Amino acid sequence: MLAIAAGAMAPAAEDEGLSMPGTESQKAFDLLDERFPQGNSQGAEARLVFQAPDGERVTAQGNRTAVEETLGSLEGGSQVASASDPYETGAVSEDGTIAYSTVTYTADVIDLTEATKSALEDAAEQARNAGLTVEIGGSALDADEAPGGTTELIGVAVAAVVLVLALGSLVAAGLSLLTAFMGVGIAFGLVSALAAPLGLTSTVAILALMLGLAVGIDYALFITSRYRDERAKGSEPEEAAGLAVGTAGSAVVFAGATVFIALVGLGVVGIPELTKMGMGGAGAVALAVLVALTLVPALFGFFGRRVLPRALRKASQPKSERARRAAGRLGLGARWARFVLRRPVAVLLVAGLCLGAVAVPALSLELGLPGDESKSVETTQRRAYDLLSDGFGPGFNGPLTVVVDLSESTDTRAAADVVVKTMESVDGVASVDDPVLSKDEDTAIITAVPETAPNSGETKQLVHTLRDTAPGIRAETGAGVLVTGMTAMNIDISEAMSDALIPYLAVVIGLAVLLLLVVFRSVLVPVKAALGFLLSVGAAFGVLVAVFQWGWAADLLGIEQTGPVMSLMPILIIGIVFGLAMDYEVFLLSRMRETYVHGASPGEAIVSGFRHSGRVVAAAAIIMVSVFAGFVGMNSPTIQTMGVGLASAVAFDAFVVRMAIVPAVLALLGHRAWWLPRILNRVLPNVDIEGETLNRTVPASVTAPDPTVPGQAAWRPAVGRD
């Protein structure tokens, strides 16, 4: 309650903008802030775009009067720095039908008051009443996406239904949801409380909400399921709770630690916003683990037998008889495992080829950052973007800001003129504005408009071409040239993400192999897990390209504009999905290893793992997919991309990799799957996530060998095997 109250009372965070320290774009922004202290290089700005009625021009006297009166109503307004006159600046299209005014503000976007925004909208409405079409572009009306909505509620509703079906008890299902909501509430409150001092955006809060809800439900489900299994075997409530926390709880700690490490590791990329998203998500996961280990077992005592399924609550036979019957039943998970054991090669080929086919579009992955062009056509920002493209060319919405450092030039104005002429001579530049010098004339700002759209490959090449002219200009005039602007910044961030993708993937894969090597004391199990992770991530990237670049099913998902994939998404998805993939790997294989080290054959171990964990893992995956998919309906392109990417990645990893490829590979490897060299056996620590030390006897879950399953041997004690 304290965290929620602190979050509710905390002030809103300041919008620090997307930055990438060390890039040329960021260096230019920093130089502008230093040399133009009265300005704000990344401050709030609006563009009022005026279109004359059909058959008229904005230069006609009546329309011109309406435009000037509209702009006059803004001048002198609170937080307004300036409002340019399109007739003086030449901001009128060649055919005279469209004009625009740039309105600059003294405050950042987050600091704009509602009165300031209302004055802007009222001014636009004034011009509309005069017969003009008016749209508002720029950042002034941008608003953070608020968590909550219809689609998210649908996702939670699906999770609730799955919990009831999987657990067979409304109380047990409600327990998982209650504890997840408690963890999410605390995490969301803390993120909100720390938003102002740490500069956390709404995207950080939504990611914390998304991850905290998904893993919170899953972790509570795993511990609850193990508790019910122990009660079905005849354990007393206190003993069953201890065994559940000591076994499934240990797996929850390890699984949560992998997600936490992967998310915190996002900080090595060097983008502050990505670091904040990783830290926010990691905090939510850590809270979910703590809640699962403390509140969940406490609620077992509070709810008593109501946590158990109805059949077990009403059972009258002795506990040993109930245990015997429970052990003898074979569910869908065990039957599926036996099917895979009979046809491991066919299952492996079909699953691998299907994932490979889905991953093919990933070869065409293009990275970028969404702008107004990705917004709904129902928004005024998108309509303003389209009007400016029609009137002034597609590159007009992505101008390049050329910052010229004249501190070492002897003739500053002559040097600035040389830069202008050089820029004008470059192919792909539509126009170059006159330079604007700082008060001390040691810095000049030149705006260059490309001929092509902001996210096009031609504009990306143009930025590199302009930067290639810098050495020649410095040699001739002594002036330093830096190319920046939001378009250039987006290009720099996208390239940095592309460069960091493979190294980060290598780090994550290496971490996965090391952790699983310690946990399962096997060489081949970690390698198999890492390769499966690559398949699921590749397939998820293929879905992102197909949906967001190629437009497949875009209308169904409410995506109105295709384009490059959000540049932060691949690394973010890798970090999150790595941890979640290890969740399923641990929960599924820990039961297999528990059975194997107690003497069962490899085939028996696979069947036992699926019999005890298959349904729970499937339910957990459906819940997580539902929660992630629930965020696809939000208007933010960032959140939409995140929802589609995470939902598809979890679905592929849980249902194709962990439940098809993993048992098929284990069946083919047999005893070799659990092989560990002697030297590693002596060096590696013994991490007992299966809770073997809690129960030295052969568990009731070990069933007799099935002679119909190839490769199953008679049961024998596992003397010296581990």
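Values as computed for the structure displayed
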item	result
Of all residues in region 505-525 being of a type outside the set (A, V, I, L, M, F, W, C) and buried (at least 20 other Cβ atoms within 10 Å of the Cβ), the one that is modelled with the lowest pLDDT	R521
All positions within region 376-395 that are under 30 Å from the mean Cα position of the chain (by Cα) and surrounded by 18 or more Cβ atoms within 10 Å (Cβ to Cβ)	Q381, R382, R383, A384, Y385, P394, G395
Close pairs (7 angstrom Cβ cut-off, 6 or more residues apart or separate chains): closer than 26 Å to L167 by Cα in region 200-219, not in a helix (DSSP H, G or I) anywhere	L209/P147; M210/F631
Given (1) surrounded by fewer than 22 Cβ atoms within 10 Å (Cβ to Cβ); (2) within 23 Å of A220 (Cβ to Cβ); (3) in contact (Cβ under 8 Å) with a residue 60 or more places away in the chain; (4) not basic (K, R), number of the condition A651 does not satisfy	(3)
Conditions (1) in a loop (DSSP other than H, G, I, E, B); (2) under 42 Å from the mean Cα position of the chain (by Cα); (3) not basic (K, R); number of the one not met by T70	(1)
Count of region 372-393 residues which are more than 22 Å from A448 (Cα to Cα) and of a type in the set (D, E)	1
Residues that are in a loop (DSSP other than H, G, I, E, B) and exposed (fewer than 15 other Cβ atoms within 10 Å of the Cβ), drawn from region 86-118	G90, E94, D95, T113
Residues located in region 292-318, provided they are more than 17 Å from L243 (Cα to Cα), at pLDDT 75 or above and either among the polar types (S, T, N, Q) or touching a helix residue (DSSP H, G or I) at 6+ places or on another chain (Cβ under 8 Å) (or both)	F303, R306, P309
Count of residues meeting criterion [at pLDDT below 80 and part of a helix (DSSP H, G or I)] in region 557-575	1
Out of A248, A214, sole residue that is buried (at least 24 other Cβ atoms within 10 Å of the Cβ) and touching a Ser or Thr at 6+ places or on another chain (Cβ under 8 Å)	A248
Matching entry among G189, G212, G216, G281 (being at pLDDT 85 or above, over 20 Å from M569 (Cβ atoms) and either in a helix (DSSP H, G or I) or not polar (S, T, N, Q) (or both))	G216
Residue check, G532 in contact with a Gly (Cβ under 7 Å, 6 or more places away or on another chain) and touching a residue at least 24 places away in the same chain (Cβ under 8 Å)	no
Residue match in region 599-609 (condition: among the charged types (D, E, K, R) and surrounded by 24 or more Cβ atoms within 10 Å (Cβ to Cβ))	yes
Residues (surrounded by 24 or more Cβ atoms within 10 Å (Cβ to Cβ) and closer than 27 Å to F300 by Cβ) located in region 257-285	T258, V259, A284, V285
Of all residues in region 417-442 being small (G, A, S) and touching a helix residue (DSSP H, G or I) at 6+ places or on another chain (Cβ under 6 Å), the one that is farthest from G395 (Cα to Cα)	S438
Test for M592: is it within 20 Å of the chain's Cα centre (by Cα), of a type outside the set (V, I, T) and crowded, with 22+ Cβ neighbours inside 10 Å	no
Condition check for I502: at pLDDT 85 or above and of a type in the set (A, V, I, L, M)	no
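Here's the yes/no breakdown for (1) buried (at least 20 other Cβ atoms within 10 Å of the Cβ); (2) of a type in the set (D, E); (3) in contact with a Phe, Trp or Tyr (Cβ under 7 Å, 6 or more places away or on another chain); (4) at pLDDT below 90:
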position	(1), (2), (3), (4)
L365	no, no, yes, yes
P370	yes, no, no, yes
S374	yes, no, no, yes
N397	yes, no, yes, yes
L400	yes, no, no, no
M423	yes, no, no, no
V432	yes, no, no, no
D440	no, yes, no, yes
I445	yes, no, no, no
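The values are calculated or read from the model by the stated rules, or taken from the named source; none is laboratory data. None of the values given here were measured: they were computed from a predicted structure. Note that we place each Cβ from the backbone using ideal geometry, even for glycine, and neighbour counts take in every protein chain shown.
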